[in-house]
Amino acid sequence: MVEQEQGMGIRVEAMAPEYQAQAAAWAERLGLPLADEAAGFAVQVGAEGLQVQQLGPQAPGPVRVDFVEGQAAHRRLFGGGSGQMIAKAVGIAQGVRPQVLDATAGLGKDAFVLASLGCQMTLIERQPLIAALLEDGLARGRGDGEVGPIVARMRLLVGNAIEQMRGWEGEPPQVIYLDPMFPHRDKSALVKKEMRVFRPLVGDDLDAPALLEAALALASHRVVVKRPRKAPIIDGPKPSHSLEGKSSRYDIYPKKALKA
Ligand SMILES: C[S@@+](CC[C@H](N)C(=O)[O-])C[C@H]1O[C@@H](n2cnc3c(N)ncnc32)[C@H](O)[C@@H]1O
């Protein structure tokens, strides 16, 4: 589902007068108003780029994409490298760095991990505001000495991945990685501020079976689906096996062996 929830307004605002022109440009591009007293979310434009702030008394802090500092940087430096489960799931091994299409890019965290390990990544995101946050984070990353070469391996396409995969032209991706929003409501997901912003914007990705079908038709080597550990598989063909972590599981649909 891509529609925003009914009645949940989003406005764009400049965090200082010098960002008013940029805020106006984002408002136009995203088709959002610059003033809306009743809005539930604000897209804020400031010195640190673009961020989404939930409004109201119980609201958590802003959500933005930052590949240079914070969580992403920490995971890049200390996150376990090619031994991480996501790396194994997509088939990273000695001398193997597959080209990966991340068809549910979100805030780009998983794609950044794989790009850090050397994979060439294509990302697709259909929710325009999430895609804008991601584009902004990628642009800021490009200017950084260490992160610049990593984000140079990440190409973002905005749109519905199902259609884009069905109409794919050129060399197919070796691996397609899917992490659609799963419709569950556990407490840990609710307390995470990203999820509190994500859910109302993105909704539940109920068309995941069509996504899997299109991915299986396109990928040359394998499709990987990330799920919450206890969640059922996506309706459709069964994975050959799964890798299970603490909170997530990777279902693997092999087509052909990845070779060094
Ligand atoms: C759970 S999030 C992905 C999080 C991501 N793996 C990360 O590391 O940040 C799912 C995202 O996939 C996007 N999505 C779901 N179905 C899609 C589709 N058919 N085409 C493009 N994007 C899609 C949603 O809009 C949402 O932003």
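Filter segment 93-104 down to the residues that are within 16 Å of the ligand (Cβ to nearest atom) and either in contact with a helix residue (DSSP H, G or I) (Cβ under 6 Å, 6 or more places away or on another chain) or assigned to a strand (DSSP E or B) (or both) and list them by number.
Val100, Leu101, Asp102, Ala103
Could we say that Ala111 is within 17 Å of Pro173 (Cβ to Cβ), away from the ligand (no atom under 11 Å from the Cβ), in the same structural domain as Leu211 (by TED's automatic domain parsing) and crowded, with 22+ Cβ neighbours inside 10 Å here?
Against the criterion (within 17 Å of Pro173 (Cβ to Cβ), away from the ligand (no atom under 11 Å from the Cβ), in the same structural domain as Leu211 (by TED's automatic domain parsing) and crowded, with 22+ Cβ neighbours inside 10 Å), Ala111 does not qualify.
Does Leu133 satisfy the criteria of being out of contact with any helix residue (DSSP H, G or I) (no Cβ under 8 Å at 6 or more places or on another chain) and over 23 Å from Pro173 (Cβ atoms)?
Yes; evaluated as a whole, the condition is true for this residue.
Only one of (1) more than 21 Å from the chain's Cα centre (by Cα); (2) under 21 Å from Gly118 (Cβ atoms) fails for Pro33. Which number is that?
If we test Pro33 against (1) more than 21 Å from the chain's Cα centre (by Cα); (2) under 21 Å from Gly118 (Cβ atoms), just (2) comes out false.
For Gln51, which of the numbered conditions (1) under 30 Å from Cys119 (Cα atoms); (2) assigned to a loop (DSSP other than H, G, I, E, B) fails to hold?
Condition (2) is where Gln51 drops out.
Among the listed residues Leu55, Leu77, Leu101, which satisfies the condition of being more than 30 Å from Glu244 (Cα to Cα) and not acidic (Asp, Glu)?
After ruling out the rest, the residue left standing is Leu55.
The values are calculated or read from the model by the stated rules, or taken from the named source; none is laboratory data. Everything numeric here is computed off the predicted structure, so don't read it as measured data. As a convention, Cβ positions derive from the backbone with ideal geometry for all residues, glycine included, and neighbour counts pool all protein chains shown.
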